[in-house]
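Take a look at the structure below.
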Amino acid sequence: MSVRLIYVAGKGGVGKSVCSASTALWTSGKGLETLAFSMDPAHSLSDILEVSIGKQPTKIGEKLYAFEPDIQEESRQFYQRYRHMLTALFGLFELEVKPEDFGHFPGLSDFIFMDKLYDIFTSGKFDVVVIDSAPTAMVLPLLNLPSVTTGFITRVMGMKSKWMGMLNVLESGFGDAILGEIRSLRVKSETMRNALLDKKTSTITVVTIPEKAAVLESQRLIDTVESHGVYVSSIIINHVMEGCDCDYCRRKKASQVSYIDDLKSRYASKRVAILPDYGGEVKGPSLSQVADDLYGKGQLVI
């Protein structure tokens, strides 16, 4: 079986991590070697799963692993892989940066997470990787990275005749090493972009709540992602009110229904799953209920 990537995306605070963890529990329970992988620098999987997750994929259950990359450690490893390229890049701006600090530069954390995801994707260790994305549009950098690296390598190749020889004189093989590292990063970014574009490989689920700001941002996310040729297959509407029939709850539910109906109408070709407001924090053993509500009841399929 080839690796299946399940991206869970959406606005901050709508329950992406809960949905990611519940999905991972479901697939591992079906006998699939599953990794829950956090691409959100503000990790919350360990809190929701109520387990200690290490700096490498950690086994936390039968066929279930979890991974919250340490951005400083991953920055150091990324620097070692692309030392020549990064030295040249930051040298152009006369910047001195510690390797562990690269992940804090705008845009570089995207490269770092993509690089780590590539390692996981090509390792062959997992049947399913559930990706707990950063708020809203972490998938977009994966779509844009190939063009970024292509532009970079084109410029470097353009100045090769003038500068590569000089760089090789300054440090033996330095200029050639830069080109090799850029090519490597380009291959990885293209591999992950192609995987994202392949419906048989990747699934994107957008999580939202039935409130105006969240719904509008979810619509923008879906429209933007699909304009790049990536299909969003499903939407999870979280925190839907049930039960109580007091005046406040009736008005709240009426408001929610209008947003739910709009999403179902607008995205009739997609699976739309409804999750109730569970009345408290959802974590640990409670995740099994979420998994059953999503997949056991047939709202979503893997």
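No lab work stands behind these numbers, since they all come straight from the coordinates. The structure displayed is predicted, hence computed values, not measured ones. Positions of Cβ are generated from backbone atoms using ideal geometry, with glycine treated the same way; all protein chains shown enter the neighbour counts.
Numerical summary
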{"read-out": "Chain lengthening between Leu216 and Val187 when straightened (0.36 nm per residue, less Cα-Cα)", "value": "7.0 nm"}
{"read-out": "Cross-link partners of Lys252 among lysines (Cα-Cα below 23 Å; sequence separation of 8 or more within a chain)", "value": "Lys11, Lys16, Lys212, Lys264"}
{"read-out": "Estimated FRET transfer efficiency (Asn194, Arg271; beta-carbon r; R0 25 Å; 0.05)", "value": "0.55"}
{"read-out": "Protection proxy ranking, peptides 282-294, 6-18, 249-261, average beta carbon neighbours within 10 Å, highest first", "value": "6-18, 282-294, 249-261"}
{"read-out": "Point-to-point label distance, Asp223-Ser123, nm (Cα→Cβ direction, 7 Å offset)", "value": "3.9"}
{"read-out": "Label point distance in nm, Arg251-Glu62, each placed 7 Å from Cα along Cα→Cβ", "value": "5.0"}
{"read-out": "Percentage of interatomic Cα-Cα distances in segment 1-91 larger than 19 Å", "value": "48"}
{"read-out": "Scaled radius of gyration (Cα, divided by 2.2 N^0.38 Å) that segment 172-302 gives", "value": "1.45"}
{"read-out": "Segment 219-261 pair-distance distribution - Cα-Cα, 10 Å bins, rounded %", "value": "24, 35, 24, 15, 2"}
